Amino acid sequence: MVKLYHKELLSASGFFGEICYNIPMKDLVSIHDLSRQEVSDILDLTAKIKAEPLNSERLKGKSLALIFEKPSNRTRVSFEVGMFQLGGHAVSLSAEISKREAIEDVGKTLSRYVSGIMLRTFEHDKVVRLAHASSVPVINGLSDLEHPCQALADVFTIREWQGRAGKSKEGQGMKVAYIGDGNNVCHSLMLACAKTGLNLFIATPKGYEPAAEFMDKEGQITVVNDPVIAAKDADVIYTDVWTSMGQEQQRKSKNAKFKGFQINAELVKLAKPDYIFMHCLPAHRGEEVTDEVIDSKNSVVFDQAENRLHVQKAILCLLLGGNK
Ligand code: CP
Ligand code: NVA
C-alpha cells in the first residue's frame, strides 16, 4: 500500500514555511505530499483500474463526502461516479455546510459518518485545516493554490499519449509548455511534472508568474514571459482560463494583459507537428484558446477529462483502502 505524505502547511510564515517530511498521512492536499515513487504508483494503479471492468467492489461499504464551495462538472461527476463504480457511495453537500460552523467541526463530524472527504474551496488553508481536524482522508478538489487531482490526471494523460505515440516512457527530452496564468492548475502541474521527469516551460505575462514555492528542486522548470519560447518545439501545449473562479471581476483587465498568450493556430505552428493540446476545462473559448485549436485533432482535452475519473478512482483506492 502506498503511503501518502502530507506536509505541514499551517505555518505563520507562509504556505511552506514549516515543512515536516515523511510524516505518514492520510490526505491528498498538495502534490507536494507525494514522492516520485508515490506518483508513479498512482499512475500505475490508474492504468490497472482503467483496464478493468468499470464496476468493482474495491470500496464496498465506503462513503465519500463531497463539499463544493465553487461550481464543478468534471470533479463532482468523476468523484460521484468513481465512488459508485468502486462499489461505494458519495454524499454531495452544499457549500452552506462550511459556512454554518467551523471547518474543523465539519471535519470532526463527517469523520464519524464517512470514509473520506473531498473539499473544493477558495483558501488552500481551509483544506489544510480540514485535513488536520479530520480523522479520515481529505482530498483537495481544487483550492486557489492547487488542483492536485487534475495534475495527476494530466501527467497520466501525457504518459498514455507517450505510450500511444511510441515516445520514451520517462519523458526524457519531452517539452511540456504551459502558457497562460500561473495559477492553481499551473502550480500542481509544476509539481507533477517535476515528479515525473517532464521538462516544463511556463510562459505568463509579467506579474502572473507562478508562486516561487512551486519551483520544485526535483524538476526542470523554466519560467518566461514569452509564449513563443514556450511553444517552440513543444510536445505538449497546455493552458487554463485566464480568469479563475472567484476572479470574475478581473476578467476584462486580465483579457487585455493576456492577449498575446492565446493558444491559436499561429502559436501552435511552432510546436512539434504531433504535439498535443491540453486544457483542464472548463475553457473560455475565444480567450485562452481558439475553437480551431481546442477542436483540432491534436486536442486531447476530453481524454484528459475522462482520465480524471480513472485517476481519482486510483487515489480513492489508495486513500480509502481499496488498492488490493
Ligand atoms: N477541471 C476541473 O476541475 O473541472 P471542473 O471545474 O468542472 O470540476
Ligand atoms: N484555474 C481554474 C481551474 C478550474 C478547473 C479555476 O480555479 O477556476
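For the list (1) within 16 Å of ligand 1 (Cβ to nearest atom); (2) in contact with a Pro (Cβ under 6 Å, 6 or more places away or on another chain), I need the number of the one condition that residue 179 fails.
It is condition (1) that residue 179 fails.
Which condition from (1) open to solvent by 30 Å² or more (accessible area, probe 1.4 Å); (2) in contact (Cβ under 8 Å) with a residue 12 or more places away in the chain is the one that residue 163 breaks?
Residue 163 satisfies every listed condition except (2).
If residue 175 passes every condition in (1) buried (at least 22 other Cβ atoms within 10 Å of the Cβ); (2) farther than 21 Å from residue 270 by Cα; (3) more than 17 Å from the chain's Cα centre (by Cα) but one, which one does it miss?
(2)
Would you say residue 163 is on the phi > 0 side of the Ramachandran plot and either away from ligand 2 (no atom under 16 Å from the Cβ) or at pLDDT 95 or above (or both)?
no
Sort through 216, 144 and tell me the only one that's surrounded by fewer than 24 Cβ atoms within 10 Å (Cβ to Cβ) and modelled with pLDDT under 95.
It is 216.
If I go through the stretch 55-71 residue by residue, how many of them are under 11 Å from residue 118 (Cβ atoms) and surrounded by fewer than 19 Cβ atoms within 10 Å (Cβ to Cβ)?
Of the residues in the stretch 55-71, 0 are under 11 Å from residue 118 (Cβ atoms) and surrounded by fewer than 19 Cβ atoms within 10 Å (Cβ to Cβ).
Of the conditions (1) farther than 20 Å from residue 185 by Cα; (2) within 16 Å of ligand 1 (Cβ to nearest atom); (3) assigned to a strand (DSSP E or B), residue 65 fails just one. Which one is it?
All conditions pass for residue 65, except number (2).
The values are calculated or read from the model by the stated rules, or taken from the named source; none is laboratory data. Predicted, not measured: the structure shown is a model, and the values here were computed from it. Neighbour counts are summed over all protein chains in view; Cβ atoms, including those assigned to glycine, are modelled from backbone coordinates with ideal geometry. Side chains are part of the model used for accessible areas, which takes the heavy atoms of the whole protein and leaves out ligands, DNA and RNA. Shrake-Rupley method; radii C 1.70, N 1.55, O 1.52, S 1.80 Å.
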